[in-house]
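A.B. asks: A single structure is presented below for examination.
The values are calculated or read from the model by the stated rules, or taken from the named source; none is laboratory data. As the structure is a prediction and not an experimental result, all values here were calculated from the model. Glycine also receives a Cβ, built like all others from the backbone with ideal geometry; neighbour counts cover every protein chain displayed.
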Amino acid sequence: MKKSKIFMSLLLSMMLLLTACGSQTTKTPAKEEQTAKPAEKQTEKTEEPKKEEPKKEEPKKETQTGTAKVKIRFASWDDSESLTEQQKLVDQFNQSQDAIEVVMEAYGDNYDTKIAAGMGSKDAPDVMYMWNYPAYYKGLENLNPFIEKEGANYKNNFYETLWEYNSMNGEVYGIPVGYTTHVLYYNKDLFDKAGVAYPTDDWSWEDLKAAAKKVKEGNEGVAGFSFSRKPDPYDFEMYLWSNGAAYSNEKGELNGSINDEKSMAVFKMFQDMEKEGIAITTEGGGTNEVLGGKVAMYINGAWSIGRFNEAGLNYGMVKIPGFGKPSVSILSSSGLSMSKDSANKDAAWEFIKFWTGKEMNKARLSYELPVLKDVVAEEKVTADPGKKVFFDMLEQSAGYTPSFFKIENWSEISESLELAFEEMYNESSLRAPEEAINDIISMFP
Amino acid sequence: MNRKYTPYLFISPWVIGFLAFTMGPLLLSLGMSFFDWSITGTPEFIGAGNYIKMFTKDPQFYKSLAITIRFALIFVPLNMVVALILAMLITQPIKGVKIFRTIFYVPAVVSGVAISIIWGWLLDSNYGIINYLLSLLGIQGPKWLVDPKWAIFAIIFASAWGVGTMMLIFYTAIKSIPPSLYEAAALDGAGPIRQFFFITIPMITPTILFNLITSLIGALQQLTLVLLLTNGGPLRSTYFYGMYVYNNAFKHHKLGYASANAWIMFVVILLLTALVFRSSSAWVFYEAEKKGGKKA
């Protein structure tokens, strides 16, 4: 983040300008699990490699010789290690053919700011990673015509649920690259020490509560379960879904859905777990606490795996507990989108196809869950129990559309919801869920 | 080339930079504040709509403004007093004082991002060293970053980390006071406390004015720390004005509205600065200035 002592107004405008100049390299250390960026390795943030200092000369179409390559700008939100991997794959594309040259632009943690500014100044990259379609789809190219040209099998090879997360109003705006569902992680050592049986895929929340209590009793200074003090509203809707509720109805109206009996039961259950000492709340998502052996169970996406493995944590993963029926998970998915203002759409599509194709899905296997059915089959991905659970959750999570996609002013509602959640779950307030949710209803009638 | 233009050539790098990167964006944002602009769509002219909405329909505007002003009211005096005390300490003729001068100044060169991370660890309610030290004294430390009553103090402490710059400015001002004044005062029997209040303070009032204004502006624009240390929380207790503007712009994509927000802050800062300047004739002493023009 820029933090010069200049006027706020300047700050805003400077960002626009700096983006237009395209060589800003400052960044924020992201808070843990802050956004829905998928499968991003949570490695320590190091400085971006030098070579990513992008595109000093950036000719739109300098055809001095007539055979100059078409330049495609490709924006990535990854940083450090994953970025080096990505650059290798981009190089692979550039070597594979002679008409297009892809230049990667690494925006890191400033991704949203830079994409927003880029679209505002009509200078967005041709191809970009995307997850927040409601906010940006107006600046993106509708990809349906491109997909149709590829034939029916092209689309069917992707897991269906992923399309819902890469579309807006029925039109596809991004080709799936990766995803993660959420699962229940548990620390095997803490369970062993307390003599409690490991969680299973068919657990209900009652089972979780009972086990959490026992694990806590068997380990001094350890909490059985943890969740964020300030849960991300986007993620939290999955618990409502699991109980047959949602934030909003098909029209995106909150009243009657978010304050429904079944929704309220979920909000209450989490607060009760905290009040009864079954769970603690954590500042971030809880990964640090689990890693430190302070918490026996928590729910998160695939992001934790890298860090847990690195630290040698003895852990397991099962499906999220249900409310008497199979649970549902939110997807954090990433897609590859094309700018509406791109001057070279066909070339951009060529690269999108390459990046989301079979070969690349395989190349990313070590750090990204594949999204293509034939890759999953050929590589026997689901034979790995550590990966299978994510695909199992994916399967039972089809058919749910997050309110994120249905509500136009989601970013405002989300911010208010976040505050309401914090009021409910911050131990220094523990506000009654009815009151907190009623506030939301009155703010957004 | 005509010699008349040579000076302009010399200042041109600065002027061009100023026009392109300061004045231009400033004016652009003023223009933008009259538009409804969601970044991806086309800007739509809505006149004073953004300003009307801000004053009549947005409770967060007043809340953020109040939080920020409250922060400034606590932080600015505290920061100045601490800086002045430190400056007094490092002007004492003691051995090794240079080392302390460096030590006190070092935190000021650390970037805000690093400070946020350090303080995040120091203040952690479970594992933080501050609460650990308090527990050794038998005090149960507050949950700094969790309890809305305390979070603002966390920001204040972290901000005070940069006190070294101000200390150094005070230090040079104190150093430039002629020793003869102190000698004369000592001969007349004034002790160190009297000397401080009747010589040091009056002589450095121009510096106090300068520090007051710059730290007031800095406090009202605080963004880095709230963004990184508390992210506006807990329970929006540190949802400073800077964060409010930033989120309106880059989270809610209301660029026009955020520009309007920013301009209101600009006006607030302008008014406060003018007020301080206005008051300065009553308490700031300039040696070169001839009061009342008597001896002119």
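A.B. asks: Suppose we keep only residues that are among the small types (G, A, S) and within 11 Å of another protein chain (Cβ to nearest Cβ) within segment A:97-156. Which one would you say is nearest to A:R73 (Cα to Cα)?
C.D. replies: Looking at the filtered set, the residue picked out is A:A124.
A.B. asks: Give, as residue ranges, the helices (runs of 4 or more DSSP H) completely inside segment B:1-102 that count at least 3 residues that are under 24 Å from the mean Cα position of the chain (by Cα), small (G, A, S) and farther than 28 Å from B:I169 by Cβ.
C.D. replies: none
A.B. asks: Would you please name the residue that is surrounded by the most Cβ atoms within 10 Å (Cβ to Cβ), looking only at residues in segment A:325-381 that are within 20 Å of A:A302 (Cα to Cα) and among the basic types (K, R)?
C.D. replies: That would be A:R364.
A.B. asks: Look through segment B:233-264, keep the residues that are in a loop (DSSP other than H, G, I, E, B) and under 18 Å from the mean Cα position of the chain (by Cα), and return whichever of them is nearest to B:A154 (Cα to Cα).
C.D. replies: B:T238
A.B. asks: Tell me, yes or no, whether segment B:150-163 has at least one residue that is assigned to a loop (DSSP other than H, G, I, E, B) and farther than 20 Å from B:A72 by Cα.
C.D. replies: Within segment B:150-163, the first condition is being assigned to a loop (DSSP other than H, G, I, E, B), and the residues that meet it are B:161-162.
Retained after the next criterion (residues that are farther than 20 Å from B:A72 by Cα): none.
No, segment B:150-163 has no match at all.
A.B. asks: Can you tell me how many residues in segment B:182-230 are within 14 Å of another protein chain (Cβ to nearest Cβ) and among the β-branched types (V, I, T)?
C.D. replies: 6
A.B. asks: Regarding segment B:25-32, can at least one residue be identified that is of a type outside the set (S, T, Y) and loosely packed, with under 11 Cβ neighbours inside 10 Å? Walk me through it before giving the result.
C.D. replies: Narrowing segment B:25-32 to residues of a type outside the set (S, T, Y): B:25-28, B:30-32.
In the following step, the residues that additionally are loosely packed, with under 11 Cβ neighbours inside 10 Å were identified as none.
No, segment B:25-32 contains no residue that is of a type outside the set (S, T, Y) and loosely packed, with under 11 Cβ neighbours inside 10 Å.
A.B. asks: For the subset of segment A:135-171 comprising residues that are of a type outside the set (A, V, I, L, M, F, W, C) and part of a strand (DSSP E or B), which member is surrounded by the fewest Cβ atoms within 10 Å (Cβ to Cβ)?
C.D. replies: Checking each candidate, the answer is A:E171.
A.B. asks: Filter segment B:220-232 down to the residues that are farther than 14 Å from B:F61 by Cα and either touching a strand residue (DSSP E or B) at 6+ places or on another chain (Cβ under 7 Å) or part of a loop (DSSP other than H, G, I, E, B) (or both) and list them by number.
C.D. replies: Selection gives B:Q221, B:Q222, B:L223, B:N231.
A.B. asks: Do you know which of the residues in segment B:143-153 that are in contact (Cβ under 8 Å) with a residue 60 or more places away in the chain and within 9 Å of chain A (Cβ to nearest Cβ) is surrounded by the most Cβ atoms within 10 Å (Cβ to Cβ)?
C.D. replies: Top of the filtered list is B:V146.
A.B. asks: Scan (1) within 14 Å of chain A (Cβ to nearest Cβ); (2) over 17 Å from B:L225 (Cα atoms); (3) not in a helix (DSSP H, G or I) for the single condition B:I177 breaks and write down its number.
C.D. replies: (1)
A.B. asks: List pairs: first residue in segment A:339-355 and over 15 Å from A:N94 (Cβ atoms), second residue surrounded by fewer than 18 Cβ atoms within 10 Å (Cβ to Cβ) anywhere in the structure, Cβ distance under 6 angstrom, at least six positions apart or on different chains.
C.D. replies: A:D341/A:K122
A.B. asks: Count, please, the residues in segment A:259-280 that happen to be over 27 Å from the mean Cα position of the chain (by Cα) and small (G, A, S).
C.D. replies: 1
A.B. asks: Same structure, new question: Name the residues in segment B:48-86 that are farther than 30 Å from B:Y105 by Cα and in contact with a Leu (Cβ under 8 Å, 6 or more places away or on another chain), would you? Quick ask: steps written out before the conclusion?
C.D. replies: Within segment B:48-86, the first condition is being farther than 30 Å from B:Y105 by Cα, and the residues that meet it are B:48-66.
Scanning segment B:48-86 gives no hits.
A.B. asks: Okay, next question. May I ask you to list pairs of residues, at least six apart or on different chains, whose Cβ atoms are under 9 Å apart, with the first in segment B:128-142 being without any contact (Cβ under 8 Å) to a residue 24 or more places away in the chain and the second being among the acidic types (D, E)?
C.D. replies: Within 9 Å, the pairs are B:I130/B:D124; B:N131/B:D124.
A.B. asks: Sticking with this structure for a sec: So which of A:G292, A:G252 ends up being surrounded by fewer than 22 Cβ atoms within 10 Å (Cβ to Cβ), within 25 Å of the chain's Cα centre (by Cα) and under 30 Å from A:N169 (Cα atoms)?
C.D. replies: Exactly one residue qualifies, and that residue is A:G252.
A.B. asks: Just to verify a result, which residue in segment B:134-147, among those that are in a helix (DSSP H, G or I) and touching a Gly at 6+ places or on another chain (Cβ under 8 Å), is nearest to B:Q92 (Cα to Cα)?
C.D. replies: Per the criteria, the residue is B:L134.
A.B. asks: Still on this structure, please answer the following. Filter segment B:83-108 down to the residues that are surrounded by fewer than 16 Cβ atoms within 10 Å (Cβ to Cβ) and in contact (Cβ under 8 Å) with a residue 24 or more places away in the chain and list them by number.
C.D. replies: Listed by number, the residues that qualify are B:V106, B:A108.
A.B. asks: Has segment A:360-374 got any residue that is over 22 Å from the mean Cα position of the chain (by Cα), over 28 Å from A:W241 (Cβ atoms), at pLDDT below 95 and not aromatic (F, W, Y)? Spell out the reasoning first.
C.D. replies: So in segment A:360-374, the residues over 22 Å from the mean Cα position of the chain (by Cα) come out as A:374.
Now drop any that are not over 28 Å from A:W241 (Cβ atoms), which leaves A:374.
Keeping just the survivors that are at pLDDT below 95 gives A:374.
Next, only the ones that are not aromatic (F, W, Y) stay: A:374.
Yes, the conditions are met somewhere in segment A:360-374.
A.B. asks: Identify all residues within segment B:244-269 that are more than 19 Å from B:G24 (Cα to Cα) and either facing chain A (nearest Cβ under 10 Å) or of a type outside the set (A, V, I, L, M) (or both); write none if there are none.
C.D. replies: Our first condition is that a residue be more than 19 Å from B:G24 (Cα to Cα); within segment B:244-269, this holds for B:244-248, B:250-254, B:268-269.
B:Y244, B:V245, B:Y246, B:N247, B:N248, B:F250, B:K251, B:H252, B:H253, B:K254, B:I269, listed by residue number.
A.B. asks: Spot the failing condition for A:L369; the list is (1) among the hydrophobic types (A, V, I, L, M, F, W, C); (2) closer than 26 Å to A:G252 by Cβ; (3) touching a Phe, Trp or Tyr at 6+ places or on another chain (Cβ under 8 Å); (4) assigned to a loop (DSSP other than H, G, I, E, B), and only one is missed.
C.D. replies: Going through (1) among the hydrophobic types (A, V, I, L, M, F, W, C); (2) closer than 26 Å to A:G252 by Cβ; (3) touching a Phe, Trp or Tyr at 6+ places or on another chain (Cβ under 8 Å); (4) assigned to a loop (DSSP other than H, G, I, E, B) one by one, A:L369 breaks only (2).
A.B. asks: Identify all residues within segment B:124-133 that are touching a Gly at 6+ places or on another chain (Cβ under 9 Å), more than 9 Å from chain A (Cβ to nearest Cβ) and not small (G, A, S); write none if there are none.
C.D. replies: B:I130, B:N131, B:Y132, B:L133
A.B. asks: Moving on. For the subset of segment A:389-432 comprising residues that are more than 19 Å from the chain's Cα centre (by Cα) and away from every other protein chain (no Cβ under 11 Å), which member is nearest to B:V245 (Cα to Cα)?
C.D. replies: Across segment A:389-432, the extreme among qualifying residues is A:L430.
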